[in-house]
């Protein structure tokens, strides 16, 4: 059996569990093809960025299980999960060498989790910061 590399990614309220095995570059999301699940091509490009940065697009078959949030958040979570799985694959390489995945992915900003989430609604306001219209009289 081929070795599995696993990574879990987060973005907004979405969680992606990524399983990577050596293969031909097939990506499935929740049992569907990546292009079928994410209708917008920009989301697919966003998801594949770590693979293109490390030249491993055709090296792995990737299975992603996403839950929570919307499509954009799920794509971001999948990208973060793929990055973590690639780091797991490349963990024996010296992190200081120029060819290490960690150095390449860190320079592009893929390793850091995007921690921006929706701010909570406050009492007396319509949304987090939007107040009702002020009437002087």
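The values are calculated or read from the model by the stated rules, or taken from the named source; none is laboratory data. As the structure is a prediction and not an experimental result, all values here were calculated from the model. Counting neighbours? That spans all protein chains shown, and the Cβs are built from the backbone with ideal geometry, glycine included.
Considering each residue of the range 106-125, count those that are touching a residue at least 12 places away in the same chain (Cβ under 8 Å) and closer than 19 Å to residue 54 by Cα, and give that number. Can you show your working first?
Our first condition is that a residue be touching a residue at least 12 places away in the same chain (Cβ under 8 Å); within the range 106-125, this holds for 108, 110-111, 113-114, 116-118.
Within this subset, residues satisfying the condition of being closer than 19 Å to residue 54 by Cα are 108, 110-111, 113.
Looking only at that region, the number is 4.
Considering only residues that are part of a loop (DSSP other than H, G, I, E, B) and surrounded by 12 or more Cβ atoms within 10 Å (Cβ to Cβ), which ones fall in the range 41-56?
Residues of the range 41-56 that are part of a loop (DSSP other than H, G, I, E, B), as a first pass: 54-56.
Selection gives 54, 56.
Residues to consider are 124, 70; find the one that is farther than 17 Å from residue 34 by Cβ and either surrounded by fewer than 18 Cβ atoms within 10 Å (Cβ to Cβ) or modelled with pLDDT under 95 (or both). Quick ask: steps written out before the conclusion?
Values: 70 fails: farther than 17 Å from residue 34 by Cβ.
The match here is 124.
Can you report the number of residues in the range 66-79 which are in contact with a helix residue (DSSP H, G or I) (Cβ under 9 Å, 6 or more places away or on another chain), assigned to a helix (DSSP H, G or I) and within 20 Å of residue 5 (Cα to Cα)?
Total satisfying the criteria: 5.
Which numbered condition in (1) free of Cβ contacts under 8 Å to residues at least 60 places away in the same chain; (2) part of a loop (DSSP other than H, G, I, E, B); (3) surrounded by 14 or more Cβ atoms within 10 Å (Cβ to Cβ) is the only one that residue 103 fails?
For residue 103, the failing item is (2).
Being more than 12 Å from the chain's Cα centre (by Cα), in contact (Cβ under 8 Å) with a residue 12 or more places away in the chain and closer than 23 Å to residue 98 by Cα is the filter here, so list the residues in the range 40-66 that pass it. Lay out the reasoning, then the answer.
The initial filter retains those residues of the range 40-66 that are more than 12 Å from the chain's Cα centre (by Cα), namely 40-42, 52-63.
So of that shortlist, the ones also in contact (Cβ under 8 Å) with a residue 12 or more places away in the chain come out as 40, 53-54, 56-63.
53, 54, 56, 57, 58, 59, 60, listed by residue number.
Name the residues in the range 10-39 that are under 14 Å from residue 77 (Cα atoms) and in contact (Cβ under 8 Å) with a residue 60 or more places away in the chain, would you?
The answer is 10, 11, 12, 13, 14, 15, 16, 17, 18, 19.
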